[in-house]
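Colleague: Structure below; questions to follow.
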Amino acid sequence: MIRTENLSRRFGENLAVDNLSIEVREGEIFGFLGPNGAGKTTTIRMLCALVMPSAGRAWINNYEVGPENSNNKIRESIGLLTEAPGLYEALNALENMLFYAQLYGLSYKEARQRSEETLRWLDLWRWRKSPVGTYSKGMKQKLAIGRALLHQPKVLFLDEPTASLDAEAAFAVREAILSLKEAGRTIFLSTHNMEEANRLCDRIAIFKQRLLQLDTPINLRRHFGLEERRIVVRLRQQLEGLPGKLSGLDFVKSAGWLELEEAPGTPALEIKLLEPEENNPQLVRALVEAGAEVQYLEERTPSLEEVYLAIIK
Ligand code: ATP
């Protein structure tokens, strides 16, 4: 649905986007993560045919960014939520939606129908006659997402959709994003929020001027920079000398006692293995043979935030 080949954009001396090559599949939520000034908004603006690339190429819904008739087809195919909602505050929600729907070329009848459907879906129908200036930030953000959907675009670009929202409003916006995915839309999501990316995205690109990593959240957490994998074992009782015994096994890289944040005072071991899929059964056998009573055993992957910070550094 989105494809770029060595896409680049320069502002004078400043190379904001350097040789970006990605493919976004139909129906996926594609996360675009990067620090302030990484070039995320510039990338989105190029993909929405709002600024032209300095070099490289991009296709959205099979239309290439560049030629004016193709740019118009791209604009018909996409919805964009910019960092600021940009709604008319003196107009009410329904008037805003009707206005934008007609700018998208819908007839008044279609505009009325789509506006009503969208406001009902976003749970804003009750407040359709209130001026948007009286809305909370979360309500404005939901309305802005609704506006981006009025012409039923195939691809939706969301530039930091939950930035500056409180937890409850951010939750509502994330739920709306997930239901859009269920409805088959392709979503390009730029965010700073790791938890959000981890929960919503099928794949994540970590980007700072150029593409640093691209994978599923779980693969990024599992594989990036991890030479060994951490297993945490919770025991019924502490057993003297157990870490030493385990460290002597050839498949164990290290073993030691661990203070569990979620259960202080509970005996727990942290064991680093090279291949948990291979070695976990042997590890359990060794623990039982050493007289340990295992309550649970789990693999701990680093958080996406830890991985992200390591990659960005
Ligand atoms: P943030 O998370 O802070 O919104 P971002 O990842 O969206 O950042 P961009 O807004 O794309 O980053 O900016 C990337 C770089 O390009 C920055 O150095 C910025 O100053 C520069 N830049 C962006 N737009 C322009 C412009 N119109 N003219 C000149 N420089 C620009």
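Colleague: Quick one: which residues, 5 or more positions from Ile29 or on another chain, have an amide H under 5 Å from its amide H? H modelled 1.01 Å from N in the peptide plane, none for Pro or chain starts.
Modeller: The answer is Ile187, Asp202, Arg203.
Colleague: Checking the table Lys208/Lys313; Lys142/Lys181; Lys73/Lys142; Lys40/Lys142 against a 18 Å threshold on Cα-Cα, which pairs fail?
Modeller: Check vs 18 Å cut-off fails for Lys73/Lys142; Lys40/Lys142.
Colleague: Further question on the same structure: Assigning unit charges at the beta carbon (Lys, Arg +1; Asp, Glu -1) and nothing else, what dipole magnitude in debye, to the nearest 20, does segment 226-303 show about its Cα centre?
Modeller: For this selection, approximately 160 debye.
Colleague: Next up: Taking amide H atoms as placed 1.01 Å from N in the peptide plane, list the residues 5 or more away in sequence, or in a different chain, whose amide H sits under 5 Å from that of Asn92.
Modeller: Close amide H contacts, sequence-distant or interchain: Val132.
Colleague: Sticking with this structure for a sec: Pick from Leu242, Leu180, Leu91: which is most flexible by mean-square fluctuation in a GNM of the chain where alpha carbon atoms under 10 Å apart are linked?
Modeller: Leu242
Colleague: Over the chain, average the accessible area per residue using a 1.4 Å probe and give it in Å², no decimals.
Modeller: Here the per-residue accessible area is 50 Å².
Colleague: Please find, in a Gaussian network model of the chain (springs between Cα atoms separated by less than 10 Å), the residue of Phe99, Phe188, Phe251 whose mean-square fluctuation is greatest.
Modeller: Fluctuation is largest for Phe251.
Colleague: Still on this model: Could you tell me which residue out of Gly66, Ser164, Asn14 lies farthest along the dipole of the chain toward its positive end? Charges go on the beta carbon: Lys and Arg +1, Asp and Glu -1, centred on the Cα centre.
Modeller: Towards the positive end, the residue furthest out is Gly66.
Colleague: Each residue of segment 296-302 in turn: what ³J(HN,Hα) in whole Hz from Karplus with 6.51, -1.76, 1.60 and θ = phi - 60°, glycine and Pro shown as x?
Modeller: Listing the rounded values in order: 7, 9, 8, 8, 9, 8, x Hz.
Colleague: Tell me which aspartates and glutamates have Cα within less than 13 Å of Lys245's Cα, excluding those fewer than 8 residues away on the same chain?
Modeller: The reachable aspartates and glutamates, counting only those whose Cα sits under 13 Å from Lys245, are Glu289.
Colleague: Convex hull over the Cα atoms of the chain, averaged projected area in nm²?
Modeller: Taking a quarter of the hull surface, the average projection is 20.2 nm².
Colleague: Continuing with the same structure: At 222 nm, what helix-only mean residue ellipticity would the chain give, in deg cm²/dmol to the nearest 500, using -39500 (n - 2.57) for each DSSP H run of four or more?
Modeller: -11000 deg cm²/dmol
Colleague: Which trypsin sites (Lys or Arg not before Pro) in segment 179-270 pass both tests, a DSSP loop state and at most 12 other beta-carbon atoms within 10 Å?
Modeller: Listed in order of number, the matching sites are Arg236.
Colleague: Return a whole-number percent for the relative contact order of the chain, with Cα pairs under 8 Å and 6 or more residues apart as the contact set.
Modeller: Computed over the chain, the figure is 18 percent.
Colleague: For Glu64, list long-range residues whose amide hydrogen, built 1.01 Å from N in the peptide plane, is under 5 Å from its own amide hydrogen.
Modeller: Hits under the 5 Å cutoff: none.
Colleague: From the alpha carbon gyration tensor of segment 226-303, can you work out the equivalent ellipsoid semi-axes (sqrt of 5 times each eigenvalue) and give them in Å, largest to smallest?
Modeller: Its equivalent ellipsoid spans semi-axes of 17, 16, 11 Å.
Colleague: Just to verify a number: what accessible area does Tyr108 come out at with the full protein assembly present, 1.4 Å probe, Å² rounded to tens?
Modeller: 130 Å²
Colleague: If you plug each phi of segment 92-105 into the Karplus form 6.51 cos²θ - 1.76 cosθ + 1.60 with θ = phi - 60°, what whole-Hz ³J(HN,Hα) values come out, in order, with x for Gly and Pro?
Modeller: 7, 5, 5, 5, 4, 5, 4, 4, 5, 4, 6, 5, 6, x
Colleague: Separate question: Please give the peptides 27-35, 298-306 ranked by average Cβ packing (other Cβ atoms within 10 Å per residue), highest first, as a rough proxy for protection.
Modeller: Going by the mean number of other Cβ atoms within 10 Å, highest first, we get 27-35, 298-306.
Colleague: Using a probe of 1.4 angstrom, how much of the accessible area of the chain is carbon and sulfur, in percent?
Modeller: 47 percent
Colleague: Oh, and also: Take the Cβ-Cβ distance between Thr216 and Val288 as r, set R0 to 30 Å, and report the resulting FRET efficiency rounded to the nearest 0.05.
Modeller: After rounding, the FRET efficiency stands at 0.30.
Colleague: Still on this structure: Spin-label point model (7 Å from Cα, Cβ direction): what's the Gln152 to Glu261 distance in nm?
Modeller: Reported label-point gap for Gln152 and Glu261 is 4.6 nm.
The values are calculated or read from the model by the stated rules, or taken from the named source; none is laboratory data. These figures come from a predicted structure and were not determined experimentally. In this analysis, Cβ positions are derived from the backbone assuming ideal geometry, glycine residues included, and neighbour counts consider all displayed protein chains. Protein only, heavy atoms only, side chains kept; ligands, DNA and RNA dropped before computing areas. Shrake-Rupley method; radii C 1.70, N 1.55, O 1.52, S 1.80 Å.
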